[in-house]
Amino acid sequence: MEPLLTVENLRIELTTRDGIAPVIDDLSFDLHAGETISFVGESGCGKSMTALGIMGLLPDKIGRIASGKIIFNGEDLTTTSEQRLREIRGNEISMIFQEPMTSLNPVYTVGEQIAEVLRAHQGLGKKAAWDSAVELLDAVRIPNAQRRVSDYPFQMSGGQRQRVMIAMALACEPKILIADEPTTALDVTVQAQIFDLLRDLSNQSGTAIIMITHDMGAVAEMAERMIVMYAGRNAEQGPVENIIDHPRHPYTKGLISCVPHIMAKLTKERHELTEVGGIVPSLSEFGQDKCLFASRCNMVTQKCLEKRPPEIEFKGGHRSACWFAEKV
Amino acid sequence: MSKSPIIPEEEIQKARHPMAEAAEMFAKNYAAVAALIVLLLIVLAAIFGPTLYPTDPFEMVWAPFSPPGEGGFLLGTDYLGRDLVAALLHGARVSIIIGLAAAFMSVFIGVTVGALAGFYRGWVEEVLMRITEFFQVLPTLLFSMVIVALFGASLPIITIAIGVVSWTAVARITRSEFLRIRELEYVMASRASGASNAKLMFKIILPNALPPIIVQAALMVGSAILFEAGLSFLGLTDPNVVSWGQVIGSNRQYILDASYTVTIPGLAIFVTVLCISLVGDGLNDALNPKLRQR
Amino acid sequence: MAFLKAVITRTLYAALLLAAVLVLNFSMMHLAPGDVADTISQSMGGADAAVLEEIRKDYGLDQPFLVQLGSYFNKVLHFDLGYSFFYNTSVTGLIMQKLPATLLLVVTAQVLALFVGIVLGVYSARNPNGLSSHFVSILALFGYSAPVFWTGILLLIGFSLNVHWFPVAGMYDLTVEGGFFVKLWDLIRHMVLPVITLSSIFLALYSRLCRATMMEVLGSDYIRTAKAKGLSEREIVYKHALKNSLSPVITLAGLQFSAVISGAVLVETVFSWPGLGTLAFQSIIARDTPTILGILFFSALVVIVGNLLTDLALRFVDPRIGRKG
């Protein structure tokens, strides 16, 4: 089956004080209809930039897509007009963000903010859009939707605001929903509710989800495939079960072993809680022709410091960028 | 066994004194530096001008309404034949002295009110804030006009009239800074180690509240000069003293014949206040850390 | 319901402020050297001690301070602000005569300054490095630093004396004949220069603040969300961003009312505009104390009412004010 979204050799550059850095360096992946995939990695590895790149929302003077393709439904999003991108945003590809407390406009009601997406993209009239907004609030499990639709964001909790964001994003039944760390700013109990909601809605409507997170537990729960990012590069990608069962990159291995309950659940072994020593390279160190994880890796050799590792394929669509992937 | 992590060595940057950083920031602002130089020239002219150019501004030296350049008088004469250059130089003294004195008074009152309100909170704050609002409600020019009208137009009264009505902005800024700073950790720490209220207010909080207060104080000098100009334009000034606004006011009826008698003193006021505003802006950029990151 | 409550509380508070102004007025009258009796005798051309005593008794000046204050309050509540010996009419009547002219000037100037200021601010926020942005900064500096009476005179010289586009002084041309629209046009012609002069100071302030606020707002998270929803740029700037930027600018405008009135005094003097400012100026020269204080009280009233209206306007613009979060 044709993938819904194909990203080919994407390179996103950021202009920093010290020069131009490739915050995303040669990234390729596919997304199929109805699939949920997850982007994983530590802060600063470029996950959010990928999402912004797909949406065409890179910060104006600072970021740009240097090369590569983003093919959605036959169109290359890197070359389409701004007009067309605006038609796609909120309509065929939607995005929700990390900070629900500040991501809604404080001076308009939540109903209005949902309704305007429907009016803009689906040409609904005022009343029809408003009624749909009430239904959507109901669908994201906000109790008393009829009354709350006239509330302002400041009258709602963080979890409720995030639900409103989800309602806004799914209003036009997009083919892809990008969720950029949707629960990081919320309480743990609310986190689980939001993930359940996303999963149920996606099953209902067949929307594919790209979930960006640094929470390995969430990945195991939600995603079918995962893409592990490190320093702007794709360290490993493949089906979640396969990777957790047998990670093929030292970084992934370190990430997984930091989360005890995954290991216990899947392999029934008890492992020591390890940490991956060292720190993430800074933006100015991205893009060099060597393995960027080398300084923290316990399998490092001279080869790792001299050339960037190629991607090695394993079965089931499982890839790893490590010189010693077979040995991991 | 895991290999020990390689942590890149970072150069330790030597910390610099905040004043030095601020001064450097200011120096980069060419407009502000140029304005500062012009201001210094004006101040020098005010201090030494009348001595170096000893013409009495009240003395009739030539025919009335001589345009600039005639008879060797650089800026011409006014409706009574008095030298405009002398008027400008003497006027500079008056404007600057009153500007500084009135601004000083406003800042003094404003900082006191704001500091007490922001520090003590409770009913002290309530009362002081109501008083501040009261002064805010009265139109400043009218209020000082009334004071001058009732108590006479002498330089001290004018200074007081300006100073007593203009302090509310300073009070607001001071109070909000105090409210912010008193919650910071180093203040809590000082209080925990037994510092007295006075020490907390003056040695610990106030020095850190200074940057926006300094900027406002600089701007207040400018607005005090404008204020004095307004009062003297209306004739509410010491009759024994020449001031820029007064020159404009008394020559106003003659703008058809001799507009230069009005435009030139006004230009002097404008340039002075403009330079003060530019310096104030420069100070704001230099001292205000939030803007520094832009 | 909350709105009504807000109106009532604000109004009561305003009344309190006014009362304080009255007390101030009254105290100043007594602090000044010389009293009403002296003023009266001056306009009478002098009087002997017995007559002065009579006048003092008449005006209750021999009563204790608090009693006098009480009767002053009483009079004010009956809209009696005293009698002007210079103009030979009641102060209240005098003020009411001149008030409309000043209100017209002040309100038009504020509205113009706000409107143009916001337009300029929004435009230069969208093009931060463009020409218009620098223009706004420079305009701000000039408008703020030039003495308002000098600006007025310059405009007079430029547009009235040299090119006769606008009249030199006053509010009406009494010789103009014609119907309503002719008279209206005449009024507008007279208004142009004074209004522009008065608004020049504040236009600078409002446009600078609007630009700064808009730029901050345009970088915020909810604008990013609006972009992610695929809304057009017009909608993002004028619907989402602008409404959030209005609040600080309107607040500032409210705070500026007392400065606007101060400026109006000078502008009215320059253009011979027949309002409270000119009246104030003339009565100060004439030492007409009741009138001066009456004007002070009234202008405080205008400022307070202006603040009240601004406060209420803010509630429409920002739904967070006055509601429980």
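Peptide B:229-238 has a mean of 4 when you count, residue by residue, the C-beta atoms of other protein chains within 10 Å of its C-beta.
The portion of the accessible surface of the range A:115-159 made up by carbon and sulfur, rounded to a whole percent, is 48 (1.4 Å probe; DNA, RNA and ligands excluded).
Across the protein chains, with a 1.4 Å probe defining accessible surface, the residues A:71, A:12, A:20 rank A:20, A:71, A:12 from largest area downward.
From its DSSP helices (H runs of at least four residues, each -39,500 (n - 2.57)), chain C gives a residue-normalised ellipticity at 222 nm of -24500 deg cm²/dmol. Residues considered: C:276, C:203, C:218. Largest GNM mean-square fluctuation over chain C, using C-alpha springs under 10 Å, is found at C:218. Take each residue of peptide A:151-163, count the partner chain Cβ atoms within 10 Å of its Cβ, and average: the result is 2. Of the residues A:88, B:204, the one with the largest accessible area comes first in the ranking B:204, A:88, computed with a 1.4 Å probe on protein heavy atoms.
Are there cysteines in chain A with no second cysteine's Cβ under 4.7 Å away, and if so, which? Isolated Cys, chain A: A:45, A:172, A:258, A:297, A:322.
Hey, what number do you get for chain B at 222 nm if only DSSP H runs of n ≥ 4 count, each worth -39500 (n - 2.57), divided across all residues, to the nearest 500?
Details: 12 runs with 198 residues, N = 294.
Counting only the DSSP helices, I get -22500 deg cm²/dmol.
In terms of the mean number of neighbouring beta-carbon atoms within 10 Å, the peptides C:148-159, C:9-20, C:190-201, C:228-239 order highest first as C:190-201, C:148-159, C:228-239, C:9-20. Contact order for chain C, expressed relative to its length and based on alpha carbon pairs under 8 Å spaced 6+ residues apart, stands at 26 percent.
Note that the range B:107-118 has calculated 3J(HN,Hα) couplings of 5, 4, 4, x, 5, 4, 4, x, 5, 4, 5, x Hz, one per residue in order, obtained from phi through the Karplus relation 6.51 cos²θ - 1.76 cosθ + 1.60 (θ = phi - 60°); glycine and proline are x. Toward the positive end of the charge dipole of the range C:111-260, with +1 on the Cβ of Lys and Arg and -1 on the Cβ of Asp and Glu, the farthest Cα among C:251, C:182, C:165 is that of C:251. Per-residue surface analysis assigns residue A:246 an accessible area of about 80 Å², computed on protein heavy atoms at 1.4 Å probe radius. Counting protein heavy atoms only, chain B has 66 percent of its accessible area on carbon and sulfur, 1.4 angstrom probe. Over the range B:92-242, Cα pairs under 8 Å with separation of 6+ residues give a relative contact order of 40 percent. Averaged over the residues of peptide B:128-139, the number of Cβ atoms from other protein chains lying within 10 Å of each residue's Cβ is 6.
What you get for the protein assembly as shown, charging only the Cβ of Lys and Arg (+1) and of Asp and Glu (-1), is a dipole of about 1180 debye around the Cα centre.
Just the number, please: carbon plus sulfur as a percent of the accessible area of the range C:190-325, 1.4 Å probe, no ligands or DNA/RNA counted. Write out the running numbers ahead of the final one.
Working: 2850 of 4490 Å².
Of all accessible area on the range C:190-325, carbon and sulfur atoms account for 63 percent.
Taken across both chains, chains A and C shield about 2300 Å² of accessible surface from a 1.4 Å probe.
Averaged per residue, the protein assembly as shown has 47 square angstrom of accessible surface, using a 1.4 angstrom probe with ligands and nucleic acids left out. Over the range C:256-321, with a single point scatterer placed on each C-alpha, what log10 of the ratio I(q)/I(0) does the Debye formula yield at q = 0.27 1/Å? Log-scaled intensity ratios, in q order: -1.13. The label point for residue B:288 and the one for residue C:19, both projected 7 Å from the Cα toward the Cβ, are 3.9 nm apart. Rounded to the nearest whole Hz, the Karplus-based 3J(HN,Hα) values (6.51 cos²θ - 1.76 cosθ + 1.60, θ = phi - 60°) of the range C:101-117 follow the sequence 4, 5, 4, 4, 4, 5, 5, 4, 4, 4, 4, 4, 4, 5, 4, 5, x, with x at glycine and proline. With a cut-off of 20 Å on the backbone N, no residue of the range C:73-105 is near the modelled label site 7 Å out from residue C:185 along Cα-Cβ.
Of the beta bridges DSSP finds with both residues in chain A, what % are antiparallel, to the nearest 5? Before the final figure, lay out each step's value.
Values: 31 of 50 bridges.
Roughly 60 percent of the beta bridges in chain A run antiparallel, per DSSP.
Using a probe of 1.4 Å on the protein chains alone, the accessible area found for residue A:221 is around 120 Å². Annotation for the C:B interface, with buried accessible surface near 3900 Å², both sides summed [1.4 Å probe; non-protein components not counted].
Go ahead and estimate [θ] at 222 nm for chain A from helices alone: -39,500 (n - 2.57) per DSSP H run with n ≥ 4, summed, over the residue count, rounded to 500. Provide the component values of the computation, followed by the final result.
Details: 12 runs with 112 residues, N = 328.
Taken over chain A, the calculation gives -10000 deg cm²/dmol.
The residue among B:222, B:236, B:206 whose Cα reaches farthest toward the positive pole of the charge dipole of the range B:152-240, with charges on the beta-carbon of Lys, Arg, Asp and Glu, is B:206.
Ligands, DNA and RNA aside, residue A:30 has an accessible area near 60 Å² when probed at 1.4 Å. Residues C:173, C:186, A:60, B:281, sorted by accessible area with the largest first, give A:60, C:173, B:281, C:186 [1.4 Å probe; ligands and nucleic acids excluded].
Over chain B, what relative contact order in percent results from Cα pairs under 8 Å that are six or more residues apart?
On the way: 391 pairs, mean separation 70.6, N = 294.
Worked out over chain B, it gives 24 percent.
Residue by residue, the range A:132-148 carries 3J(HN,Hα) couplings of 4, 4, 4, 4, 5, 4, 5, 5, 8, 6, 9, x, 6, 4, 4, 7, 6 Hz when phi is fed to the Karplus relation 6.51 cos²θ - 1.76 cosθ + 1.60 (θ = phi - 60°); x denotes Gly or Pro.
The values are calculated or read from the model by the stated rules, or taken from the named source; none is laboratory data. Here the structure is a predicted model, which means the values were calculated and not measured. Note that we place each Cβ from the backbone using ideal geometry, even for glycine, and neighbour counts take in every protein chain shown. Accessible surface areas use protein heavy atoms only, side chains included; no ligands, DNA or RNA. Shrake-Rupley method; radii C 1.70, N 1.55, O 1.52, S 1.80 Å.
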